[in-house]
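The next block holds one structure in the form of structure tokens; read it before the comments.
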Amino acid sequence: MIKEQIVVTSAQMRDIEGRIFAGGMPVAALMEKVAGLISNRLKSIIPKDRTIGILVGPGHNGGDALVVARELHFQGYQVWIYQPFPKLKELTSQHLQYAQSLGIPCYQELAELPSCDFLIDGLFGFGLEREITGNIAATINHFNDWNCQIFSIDLPSGLHTDTGEVLGTAIRATHTFCLGLWKQGLLQEQALEYIGKAELIDFDIPLADIHVILGEVPKIKRITKTTVFNTLSLPLPPTTHKYKSGHLLLICGSKRYAGGAILTGLGARASGVGMLSIAVPESIKPLLVSHLPEALIIGCPETETGAISDLQLPPKTDLSSFSAIACGPGLTTDATPIVEQVINSEVPLILDADGLNILAQLGTIPTLRKRQNTTILTPHTGEFHRLFPDINYQDRVKAVQTAALQTGAVVLLKGARIAISNPEGVVWINPESTPALARGGSGDVLTGLMGGILARVVNKQVNIEDVVAAASWWHSQGGILAAKERTELGVDAFTLTQYLMRVLVDM
Ligand SMILES: NC(=O)C1=CN([C@@H]2O[C@H](COP(=O)(O)OP(=O)(O)OC[C@H]3O[C@@H](n4cnc5c(N)ncnc54)[C@H](O)[C@@H]3O)[C@@H](O)[C@H]2O)[C@@H](O)CC1
Ligand SMILES: Nc1ncnc2c1ncn2[C@@H]1O[C@H](COP(=O)(O)OP(=O)(O)O)[C@@H](O)[C@H]1O
Ligand SMILES: [K+]
């Protein structure tokens, strides 16, 4: 298990820390170690001639901040401390006393504060247990109005450690140094505007202690590069052939939405799948052939509205000839019988877009209960609500767990932080993405990419949720790379497909 993959709640973090202390590690020694690591990171970021304001809370988050203040003071930075609480935990109080004895200016009143270039937020960490109100809330709002960079220790003060919810008010950090293990709240969409750039400060928590509290296989994990690499099944075996590298059937597109079929096809191409077949309405077949010459384009009879009316596969082929099917982008809801047909097949299946809208019309849970093989659903929040009107998707982790449990499918909820669950409640969260992906068509690319990976590895004893996670990570990294080179406005869905391969090259 890799530390970067692990996600904890505040209760789990407290239990893990409890084991470290029970093992004999002195609390004060751990605080020195943690704060030493934070100070070193800060030294590498903040130029020497700058003034740093340190915000100190009543608990050990404040203690960490005071050790940081001391270390930066000795390194020659101009440092001041703001500590508005009447009562501090003992260790925190001792560090405050020592900082005062060193002559570091300490203030209790906002009005007295000098200006500064950077703020360090050590008001609250994972010990925040209730809404922030009154003076402290006003203080946080005041600092948010200062136009300077804020580094939060562990998490921005005011965020709920598990849900990322703002408890009254919260520091809007530009950087967050998460301590030891990733806190669940930092991966929730509602926290994103507060955490800035987040990084993990690894202070050597023994894996044995983590295992005791989280189990050998933790339920909630962050997707990392390693997850993806393990899933992609590389390098290719030297004696492979095209049918051993998977055969994906895409069912997508209509006269109205022809572009969606192209984007899904280009996403699938990037996966390296051995064989790609794409079923589309006959009238758009020439268009698909011109964009994807390597794919077998199956022109199907169409309805008056230009949707596929009959899945006319080539001779000697039926649905069971394919390793996986991805169905939905651009279909329109006129293709209902086609979606019913693939749901009734026994082939591993991804449903997206209109595939999901049709599933919702058919009745999500009873329809999926009939399926024997793997099903993956990839809704955005609108589609999720249509599929699961009774599930509250504010808590996205719980929402995907419930949806997966109810349907037996692997469920991916799209958004800034994609959450994925299998029916046993094992969750992956995609920790990094870019709003540059919030554009029409980028979901089609994801469906194709995921379909291709699924077809390649489905018979190789992989966990299906790992495939879904790998596709999500790869897709987001493609967006991040494209945005870096082309700005956040330069990542249209076609361009995104051109960056996917680059992600692997850089890996
Ligand atoms: N042993 C150590 O030195 C370590 C310290 N760490 C730090 O310790 C932190 C956890 O420390 P604590 O458990 O002391 O908790 P915090 O420092 O997060 O805050 C708890 C304190 O805030 C008070 N409080 C909670 N909610 C409040 C509210 N809404 N308004 C006013 N006061 C409120 C509590 O009564 C308590 O005094 C971590 O976040 C991290 O920064 C660990 O990460 C690493 C190890
Ligand atoms: N704010 C955001 N930050 C990061 N990724 C996003 C954001 N908004 C959307 N995305 C991603 O963009 C894709 C959009 O997919 P979708 O909503 O299906 O669009 P479409 O159907 O037009 O292709 C998904 O992968 C989603 O996770
Ligand atoms: K903090």
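Taken together, the values in this text are just the output of simple stated rules run on the coordinates, not laboratory data. Just so it is clear, the model here is predicted, and its values are computed rather than measured. Reconstructed Cβ throughout: ideal geometry from the backbone, glycine too, with neighbour counts over all protein chains shown.
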- Arranged by the count of other C-beta atoms within 10 angstrom, fewest first, what order do 153, 54 take? 54, 153
- Item | Point-charge dipole on Cβ atoms (K/R +1, D/E -1) for the chain, about Cα centre, debye to 20 | 860 debye
- Query: Residues with beta-carbon under 10 Å from that of residue 446, excluding residue 446: net charge, scoring Lys, Arg +1 and Asp, Glu -1?
  - Reply: -1
- Item | All Cα pairs of the chain, percent lying beyond 39 Å | 33 percent
- Using a basic spin-label model with each label point 7 Å from the Cα along Cα→Cβ, how many nm lie between residue 317 and residue 50? 5.9 nm
- Message: Apply the Karplus curve 6.51 cos²θ - 1.76 cosθ + 1.60, θ = phi - 60°, to the phi angles in segment 39-45 and return the couplings in whole Hz, x for Gly and Pro.
- Response: 4, 4, 5, 5, 4, 6, 9
- Item | Net charge, residue 245 excluded, C-beta distance under 14 Å - Lys, Arg +1, Asp, Glu -1 | +4
- Note on the structure: Taking every DSSP bridge whose two residues both lie in segment 225-506, the antiparallel percent to the nearest 5 is 25 percent
- Expressed as a fraction of 2.2 N^0.38 Å, the rule-of-thumb size for a compact globular protein of N residues, what is the C-alpha radius of gyration of segment 3-218? 0.96
- Message: Using the Kirkwood radius over C-alpha pairs as Rh, can you work out the diffusion coefficient of segment 225-506 via Stokes-Einstein at 10 °C, viscosity 1.306 mPa s, in µm² per second?
- Response: 86 µm²/s
- Give the order of 475, 247 when sorted by the count of other beta carbons within 10 angstrom, beginning with the fewest. 247, 475
- Query: For residue 157, what is the net charge nearby, where nearby means another residue's Cβ is under 11 Å from its Cβ and Lys, Arg count +1, Asp, Glu -1?
  - Reply: -1
- In nanometres, the difference between 0.36 nm per residue of separation and the alpha-carbon distance of residue 148 and residue 115 is 10.9 nm
- For residue 244, go through the lysines and keep the ones whose alpha-carbon is under 18 Å away, minus same-chain ones fewer than eight residues off. 460
- Task: Of the options 300, 224, 496, report the single residue whose Cα projects farthest towards the positive end of the charge dipole of the chain (beta-carbon charges: Lys, Arg +1; Asp, Glu -1).
- Result: 300
- Positive dipole terminus of the chain, leading residue within 187, 212, 107 (C-beta point charges): 212
- Counted neighbours (other Cβ, 10 Å), sorted fewest up, put 285, 370, 244 in the order 370, 244, 285
- Pairs beyond 31 Å (Cα-Cα), from 242/484; 219/370; 3/398; 316/370: 242/484
- Query: So what is the calculated 222 nm ellipticity per residue for the chain, using -39500 (n - 2.57) for each DSSP H run with n of 4 or more, over all residues, to the nearest 500 deg cm²/dmol?
  - Reply: -12500 deg cm²/dmol
